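S.K.: Have a look at this one.
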Amino acid sequence: MSSLSSTAADRLSPDDARAAFGDQLEFDTPLAPLTSYKTGGPARLFLRVTSAEEIVAAIATARRLEIPFFLVGGGSNLLVSDDGFDGIVIKIDVRGLTVTDDTHIEVGAGEDLMDLVRFAARNSLAGIEFLAGIWGSVGGAIYGNAGAFGCEIGSVVESVTIITPEGTVRTVDPEYCRFGYRDSYLKESKDVIVSARLRLEAGKREALEAKIDEITTTRDAKHPNTGCSAGCFFKNIPDERQPHGKLPAGKLLDEAGAKDLVVGGAKVFDKHANIIVNTGTATSSDIRRLADLMKAKVKATFGIELQEEVQQVGKF
Ligand SMILES: Cc1cc2nc3c(=O)[nH]c(=O)nc-3n(C[C@H](O)[C@H](O)[C@H](O)COP(=O)(O)OP(=O)(O)OC[C@H]3O[C@@H](n4cnc5c(N)ncnc54)[C@H](O)[C@@H]3O)c2cc1C
């Protein structure tokens, strides 16, 4: 029995749902194992899709049946409600990593970002080492223009193949994507990212692999090695006077005294005040309540309203 209220997804019988979405459809699938926080409830319906055609079909069916849908990549930037998601979660699992025209890589949205980084180095292609150690899928990285050390994935994107909300497969350029800080127009347009073509440059394999190892080691030392997180919870604040043009939210949180905050099994990471850690027993509502306390501290101290980088799924 689902504890969720009766909705379009709930009212569909399992047989009708499978007839509509196909035999791979799952019911009441736990989402916690699919997220880096390891919290949250189940998806009423769940479907793993591996091609543009499957995505088009799944979204068209969800729309026709008026079932809300949510896309999941690597789940490393998500906070899923403890009540789960009362619709269909579509896990983007489109694969493929190919070098084309000597210096370009075509990559499926479901590929792991770290696999892409290592693949580029193995093929002596430079320009994305800065992505080493960032969790998640290529699609999720493009959606949120993931980056580190002042560099962002959007800077190497030559084109992105998307599915528009109308169900059309299109290849669009970076101007269309309008990449910004942890942002892209794709958040607004609700397009689904299927694959991307990246423009890299020739490099030396050994040097690239050494750089990737160095970055990964540096990041490992700064990030929690026990407990689960979703990286930085809040976005940094645009400020031209700061290095990389951003005032770190972690600095504000630290100075506002957020580092000692704890709610249930969720706590602020002691080495970085913008990271919330699930110590093992946190619920998503512990994490949400802790995030609210952190926001309130910064608002009271600096008058600044922090904006979430982490995306919420379901009702809070
Ligand atoms: C330890 C740790 C460190 C991190 N460090 C960094 C960092 O340094 N820099 C940084 O930028 N981020 C960092 N993050 C956050 C996270 O890794 C990135 O935001 C990542 O790009 C999210 O990708 P994902 O596939 O996991 O997306 P998900 O968490 O699965 O989804 C995030 C959003 O993207 C959407 N989405 C996913 N795939 C698609 C698709 N194919 N088409 C359309 N929409 C899609 C989802 O609907 C959702 O809204 C870190 C996370 C962790 C756990």
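The values are calculated or read from the model by the stated rules, or taken from the named source; none is laboratory data. For clarity, every value in this text was computed on a predicted model and none was experimentally measured. Because the Cβ atoms are built from the backbone with ideal geometry, glycine has one as well, and the counts that use them run over all protein chains shown.
S.K.: Away from the ligand (no atom under 11 Å from the Cβ), modelled with pLDDT of 95 or more and either over 30 Å from E66 (Cβ atoms) or in contact with a Cys (Cβ under 6 Å, 6 or more places away or on another chain) (or both): is that true of E158 in this structure?
M.R.: Here the answer is yes, as E158 does meet what is asked.
S.K.: Another one. For the range 211-268, enumerate the residues that are in the same structural domain as A126 (by TED's automatic domain parsing) and modelled with pLDDT of 95 or more.
M.R.: Residues satisfying the conditions are K211, I212, D213, E214, I215.
S.K.: Which ranges mark the strands (runs of 3 or more DSSP E) fully within the range 50-127 that have 1 or more residues being surrounded by fewer than 23 Cβ atoms within 10 Å (Cβ to Cβ) and within 10 Å of the ligand (Cβ to nearest atom)? Don't jump to the end; show me each part of the working.
M.R.: Numbers: elements: 69-72, 78-80, 85-92, 97-100, 104-108.
By residue number, 69-72, 85-92.
S.K.: Let me ask something additional. Is there any pair with a first residue in the range 274-286 that is among the β-branched types (V, I, T) and a second that is part of a helix (DSSP H, G or I) whose Cβ atoms are under 7 Å apart and which are 6 or more apart or on different chains, and what are they?
M.R.: That search, which allows pairs on different chains as well, returns I276/I287; I276/L290; I276/A291.
S.K.: Hey, any hits in the range 250-258 for a residue that's touching a residue at least 40 places away in the same chain (Cβ under 8 Å) and not hydrophobic (A, V, I, L, M, F, W, C)? Even if it seems obvious, please write down each step before you answer.
M.R.: Quick first cut of the range 250-258, residues touching a residue at least 40 places away in the same chain (Cβ under 8 Å) only: 252-253, 255-258.
Filter once more, so that each one left must be not hydrophobic (A, V, I, L, M, F, W, C): 255, 257.
Checked against the condition, which is being touching a residue at least 40 places away in the same chain (Cβ under 8 Å) and not hydrophobic (A, V, I, L, M, F, W, C), the range 250-258 yields at least one hit.
S.K.: Can you tell me which residue within the range 134-150, out of those that are more than 6 Å from the ligand (Cβ to nearest atom) and crowded, with 19+ Cβ neighbours inside 10 Å, is nearest to R48 (Cα to Cα)?
M.R.: It comes out as V138.
Here's the yes/no breakdown for (1) under 20 Å from the mean Cα position of the chain (by Cα); (2) assigned by TED's automatic domain parsing to the domain that holds T171:
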position: A58; (1), (2): no, no
position: S81; (1), (2): yes, no
position: G84; (1), (2): yes, no
position: D102; (1), (2): no, yes
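S.K.: Another question, if that's okay. Which ones in the range 176-221 are surrounded by fewer than 21 Cβ atoms within 10 Å (Cβ to Cβ), within 10 Å of the ligand (Cβ to nearest atom) and under 14 Å from A141 (Cα atoms)?
M.R.: Y181, R182, K187
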